[in-house]
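Reading through the structure tokens given below for one structure.
The values are calculated or read from the model by the stated rules, or taken from the named source; none is laboratory data. Just so it is clear, the structure is predicted and the values come from calculations on it, not from any experiment. Note: ideal-geometry Cβ built from the backbone for every residue, glycine included; neighbour counts use all protein chains shown.
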Amino acid sequence: MKSLLFFLALLPVMADDRQSEFYLREEIPTPPGEVLELGSIAIMPDKKVAVSSRRGDVWVCEGAYEKDLSKVKWTLFARGLHEPLGMFYKDGSLYLTQRPEITKLTDTDGDGRADLFETVTHYWGINGDYHEYNFGSDPDKDGNVWVVHCLTGSGGASAKSPWRGWCYRYGLDGKVIPTCPGIRSPGGIGFNQAGDCFYTDNQGLWNGSSSLKWLKPGGFMGNPTGNVYAKLTGQEEPPNPKTGSRMVTEVDKDPRIVPPPIILPHGKVGQSPTAVIYDPTEGKFGPFQGQVLVGEQTHSQVQRVYLEKVNGGYQGAVWKFLEDFRCGIIPARMGQDATLFVGGSNRGWAARGGKNFTFERVRWTGKTPFEMHEMHAKSDGFVITFTEPIDASSAKKIDSYKAAAWTYIYQKGYGSPEVDKVTPVIDKVTVAPDKKSIHLKVSGLTRGHVHHFNLNGVKSSSGKTLWHPDVYYTLNEIPK
């Protein structure tokens, strides 16, 4: 049955016909004859875009912003690297987080190819296991690159090389800062608008479902497998949670455990999350400026996340956003002119889309979709804002909404079904005077649960239905 469900998840899914009204997705031709399974994307000066492949190549693309994409030009910058999964441009050089190290690549003679390769750090260990991925960020405000080190083996049941299951910060001057244990199987890493670092972790051991996690320095991300290296850091022993429990229960026992700010319900909102970026375009990519975008490999999508802080921790809502990409998304990068670049691969993991690899761009058409914009937790329910005024009569009807809530078993076994299900009751809906938000007064809020709301019955003042009517809010804390 599990294999059948996985097969069904890969069946092509028609994108909502309305997507092309709001966002134009276009394929960028890749170098002829090359297998360009993208692992990372970097924005360079002069409207050049660098990409790295999982096979270890680095190419530079010219013309990726132009209207006529048939004229793009590719230049091979480097070859022979080891699965780089994180790259950025800084001061004339490209920096890559690859499997054995962070490497600085420089073209010193101006011929378009890297001729100087310098090791920034190789502090961690590798042993040849294919699953020992390393995902690296851009530099933070202090100049440090955050790297999440995947556990050993596809099940993630061991940490056979130093710092597997850990996040470290690495300075470009070679300094190392142990930051967070508890990593399982990351798929991407990046920052929100506030500069805090997040990564995506995949369903598996100690992860009931995939999620977006906050790398809070000193916090524990949930999987104790990598705790074996704690003694080498000189820090205190990380938490050792009880299997078969619930995340909220273990957090109350040991506040060093950082619950996932956003749980991505398996199969409902993808099932293999990857890239983490935010929209810095100040409205040039649509109405969601400042919000986080999360790549999705299996379902070939990009999801949208609104984060807020409640009682000192992050939590928030996730919606489906962009889909119909031609392969599973791994890297994503917002380029110049509010152009979203994405790339992907299906090697090792099958994906929707029909291609083995892809490089694509997305641009906003200028037309604003009728969508939920933000979702805020309140002591008695939720406030949901919209991108345009709503029809008050439809919004006030209780039967315009459906609600459900559940959590997951926090356990050393692989994943979890949805458990402890409850049905929140919407007692009252209050429409704001400007008709741009609603206050849902809800009985049955449950701390630690994912709260799912479907707003199929809510219409805009002009009669439109929501592009994406489903939202999933991870309620780690109920505001006081």
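Assorted remarks:
- When the residues of the stretch 316-334 are filtered to those that are closer than 27 Å to residue 49 by Cα and of a type in the set (A, V, I, L, M), the one that is surrounded by the fewest Cβ atoms within 10 Å (Cβ to Cβ) is 334.
- Residues in the stretch 99-126 that are touching a strand residue (DSSP E or B) at 6+ places or on another chain (Cβ under 7 Å) and under 19 Å from residue 226 (Cβ atoms): 99, 121, 123, 124.
- Among the residues making up the stretch 282-298, those that are in contact with a Leu (Cβ under 9 Å, 6 or more places away or on another chain) and closer than 16 Å to residue 373 by Cβ are 285, 291, 292, 293.
- Check on residue 273, of a type outside the set (Phe, Trp, Tyr) and surrounded by 22 or more Cβ atoms within 10 Å (Cβ to Cβ): yes
- When restricted to residues that are exposed (fewer than 14 other Cβ atoms within 10 Å of the Cβ) and either on the phi > 0 side of the Ramachandran plot or in contact with a Leu (Cβ under 9 Å, 6 or more places away or on another chain) (or both), the stretch 35-76 contains 1.
- Within the stretch 314-364, the set of residues being over 30 Å from residue 451 (Cα atoms) and among the hydroxyl-bearing types (Ser, Thr, Tyr) comprises 339, 345, 358.
- Flag for residue 313 being buried (at least 24 other Cβ atoms within 10 Å of the Cβ) and either touching a residue at least 60 places away in the same chain (Cβ under 8 Å) or assigned by TED's automatic domain parsing to the domain that holds residue 203 (or both): no
- Inside the stretch 342-352, residues that are out of contact with any Leu (no Cβ under 7 Å at 6 or more places or on another chain) and surrounded by fewer than 24 Cβ atoms within 10 Å (Cβ to Cβ) make up a count of 4.
- Hey, residue 242 modelled with pLDDT of 95 or more and assigned by TED's automatic domain parsing to the domain that holds residue 86 or not: yes
- Taking the criterion of being within 24 Å of residue 166 (Cβ to Cβ), hydrophobic (A, V, I, L, M, F, W, C) and crowded, with 19+ Cβ neighbours inside 10 Å, the residues of the stretch 93-125 that qualify are 96, 102, 124.
- Residue within the stretch 70-85 that is among the small types (Gly, Ala, Ser), out of contact with any strand residue (DSSP E or B) (no Cβ under 6 Å at 6 or more places or on another chain) and not in a loop (DSSP other than H, G, I, E, B) present: yes
- Test for residue 108: is it without any contact (Cβ under 8 Å) to a residue 24 or more places away in the chain, in the same structural domain as residue 38 (by TED's automatic domain parsing) and not in a strand (DSSP E or B): yes
- Matching residues, the stretch 116-139, being out of contact with any Leu (no Cβ under 9 Å at 6 or more places or on another chain) and free of Cβ contacts under 8 Å to residues at least 24 places away in the same chain: 119, 122, 128
- Of all residues in the stretch 423-449, those that are in contact with a Leu (Cβ under 9 Å, 6 or more places away or on another chain) and either assigned to a loop (DSSP other than H, G, I, E, B) or under 24 Å from residue 207 (Cβ atoms) (or both) total 6.
- Subset of the stretch 126-142 that is of a type outside the set (Gly, Ala, Ser), within 25 Å of residue 195 (Cα to Cα) and out of contact with any His (no Cβ under 9 Å at 6 or more places or on another chain) - its residue that is surrounded by the fewest Cβ atoms within 10 Å (Cβ to Cβ): 141
- Search result, residues across the stretch 301-323 that are more than 13 Å from the chain's Cα centre (by Cα) and farther than 25 Å from residue 352 by Cα: 308, 309, 310, 311, 312, 313, 314, 315, 316
- Qualifying residue in the stretch 448-459 (condition: surrounded by fewer than 18 Cβ atoms within 10 Å (Cβ to Cβ), touching a Ser or Thr at 6+ places or on another chain (Cβ under 9 Å), among the β-branched types (Val, Ile, Thr) and under 30 Å from residue 184 (Cα atoms)): no
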